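Structure, as structure tokens:
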Number of protein chains: 2
Amino acid sequence: MKTGLGASTNTIGRLPKYLRCLQELEDQGISRVSSTGIAERLSLTPSQIRQDLAQFGSFGAQGYGYDVKLLANCIREILGINKSHNVIIVGVGSIGRALLTHLEFQGNNYHVVAGFDTDYGVIGKTVNDTPVYHVDELIDFLGEVDVDLCVLAVPKEHAKHTALSLAKNGVPAIWNLTNVDLELGNYDVLVENMHFLDSLFSLTFYLEATSKTKEKAFA
Amino acid sequence: MKTGLGASTNTIGRLPKYLRCLQELEDQGISRVSSTGIAERLSLTPSQIRQDLAQFGSFGAQGYGYDVKLLANCIREILGINKSHNVIIVGVGSIGRALLTHLEFQGNNYHVVAGFDTDYGVIGKTVNDTPVYHVDELIDFLGEVDVDLCVLAVPKEHAKHTALSLAKNGVPAIWNLTNVDLELGNYDVLVENMHFLDSLFSLTFYLEATSKTKEKAFA
């Protein structure tokens, strides 16, 4: 699919993988890598990587490869994660709280400015230095603070109306972890639906398929 | 990509989405749906859905559409999630614990038989009825209990050697949430790398791209 942004959704989907690979190389003190080197680590073809990167400019040199640090920075710039983003988390339950403490929001320029919940056990407290407010204060908050991105981690049954309220109040992007598909086509909001279980189910498919193949081989 | 299993990885990746859509329809009391009805809900084309499903057999009838419940059960069977699977969680930190309480493991026939950690704050306790043991007991445990799948949620720096130990001790599938790419090609183990941040980064790309487009429009 073409995105109208000069690169396909598949290409854009692969950029974070390239960045992750480059960060690991940096951690290992490796300063230069070929497209073949990246390809091997990610089970892709070198030409795929060269094609993807060529859509955004000219990186690396024939025979030399890529400067790991430089390419990582370029990809951060392409992804826009070199810029600072204000993030709120709506739904500070177990998943929301885990992300607050576990995800490297800060290291990636995501500034979690507030959490919102309905649970008085967490309201008025801070989680990982982030203040948590009652969800009733959300709309007022959005009127006062520029929020770039909302992590939506409320229970399933609250997903749709909460998302609608975020969209109506000008939140430009929702990272949706509720396992409900959100369709907000009528609003000026970007939604990324992230489905944990889809990935677990795919794995289960391959597990069952493999065990069937083994059964056949031993039959 | 062909999987050698009669269906492409893309098709298999879409099956959980179809199942999720059908489950939502069931929850809404809808018993019959056309490929167009599914397509609209998932922003796909009807022909894509018909092609995907045709790879696994003949479902639905021209002009009638699909029986929601029946098709959901068929997809559960194709994915293998109608069968019972024994699951362990290695790394019962915030993400591991959130998944234990949040994910619908039980409703999907995943039986979480044990958790493993190095933190004495959680060892010897139960989380959501699942007993948590010291990670030193893992290998003995694997010798005694048939484990189908391991949810790997240890800190980054322990990802590789823990995964290797799981593979060497016969765990057939690892659902890897460590944000480290695991390559265990030499072992007879399936690995599904699930990267939270990739999805957040893609969303950020679109957010930045959209705001650039808007800036241009107003320039």
Restricting region A:10-34 to residues that are over 24 Å from the mean Cα position of the chain (by Cα) and among the polar types (S, T, N, Q), the one least open to solvent (accessible area, probe 1.4 Å) turns out to be A:Ser34
A:Val87 meets each of (1) farther than 18 Å from B:Ser202 by Cβ; (2) outside any helix (DSSP H, G or I) with one exception, condition (1)
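Restricting attention to region A:63-84, which residues are touching a residue at least 24 places away in the same chain (Cβ under 8 Å) and either hydrophobic (A, V, I, L, M, F, W, C) or in a loop (DSSP other than H, G, I, E, B) (or both)? Give the derivation first.
Step one: of region A:63-84, the residues touching a residue at least 24 places away in the same chain (Cβ under 8 Å) are A:64-69, A:71-72, A:75-76, A:78-79, A:81-84.
Result: A:Tyr64, A:Val68, A:Leu71, A:Ala72, A:Ile75, A:Ile78, A:Leu79, A:Ile81, A:Asn82, A:Lys83, A:Ser84.
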Picked from region A:169-181 (must be more than 10 Å from every other protein chain (Cβ to nearest Cβ) and open to solvent by 10 Å² or more (accessible area, probe 1.4 Å)), the residue nearest to A:Thr9 (Cα to Cα) is A:Gly170
Check your understanding: Would you call A:Val145 more than 9 Å from chain B (Cβ to nearest Cβ) and within 24 Å of the chain's Cα centre (by Cα)?
Key -> yes
Of the residues in region A:85-116, those that are more than 11 Å from chain B (Cβ to nearest Cβ), modelled with pLDDT of 85 or more and surrounded by fewer than 23 Cβ atoms within 10 Å (Cβ to Cβ) number 5
Going through (1) outside any helix (DSSP H, G or I); (2) open to solvent by 30 Å² or more (accessible area, probe 1.4 Å); (3) more than 12 Å from chain A (Cβ to nearest Cβ) one by one, B:Ser47 fails only at (1)
Of the conditions (1) open to solvent by 30 Å² or more (accessible area, probe 1.4 Å); (2) at positive phi, the single one that A:Gly65 does not satisfy is (1)
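Return yes or no: is A:Gly185 within 23 Å of the chain's Cα centre (by Cα), modelled with pLDDT under 90 and within 14 Å of another protein chain (Cβ to nearest Cβ)?
Yes; evaluated as a whole, the condition is true for this residue.
Considering every residue within region B:57-70, establish whether at least one is within 30 Å of B:His134 (Cα to Cα) and under 22 Å from the mean Cα position of the chain (by Cα).
Taking every residue of region B:57-70 in turn, none turns out to be within 30 Å of B:His134 (Cα to Cα) and under 22 Å from the mean Cα position of the chain (by Cα).
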Those helices (runs of 4 or more DSSP H) completely within region B:101-219 that have 3 or more residues that are without any contact (Cβ under 8 Å) to a residue 12 or more places away in the chain and on the phi < 0 side of the Ramachandran plot are B:196-218
Can B:Glu77 be described as more than 30 Å from B:Asp146 (Cβ to Cβ), out of contact with any strand residue (DSSP E or B) (no Cβ under 9 Å at 6 or more places or on another chain) and either among the charged types (D, E, K, R) or at the interface with chain A (Cβ under 9 Å from one of its Cβ atoms) (or both)?
-> no
- Within region A:193-216, is even one residue in contact with a helix residue (DSSP H, G or I) (Cβ under 8 Å, 6 or more places away or on another chain), crowded, with 19+ Cβ neighbours inside 10 Å, hydrophobic (A, V, I, L, M, F, W, C) and more than 7 Å from every other protein chain (Cβ to nearest Cβ)? no
message: Residue under question is B:Phe56, and the condition is that it be in contact with a helix residue (DSSP H, G or I) (Cβ under 7 Å, 6 or more places away or on another chain), open to solvent by 30 Å² or more (accessible area, probe 1.4 Å) and of a type in the set (Phe, Trp, Tyr); does it hold?
response: yes
Exception for A:His134 within (1) out of contact with any Gly (no Cβ under 9 Å at 6 or more places or on another chain); (2) more than 10 Å from chain B (Cβ to nearest Cβ); (3) at pLDDT 90 or above falls at (1)
Picked from region B:5-44 (must be within 15 Å of B:Ile78 (Cα to Cα) and assigned to a loop (DSSP other than H, G, I, E, B)), the residue modelled with the lowest pLDDT is B:Leu5
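The values are calculated or read from the model by the stated rules, or taken from the named source; none is laboratory data. Because the structure is predicted, anything quoted here is derived from the model rather than measured. Every residue, glycine among them, receives a Cβ derived from its backbone with ideal geometry; neighbour counts consider all protein chains shown. What goes into the accessible areas is simple: the full protein's heavy atoms, side chains included, and nothing from ligands, DNA or RNA. Shrake-Rupley method; radii C 1.70, N 1.55, O 1.52, S 1.80 Å.
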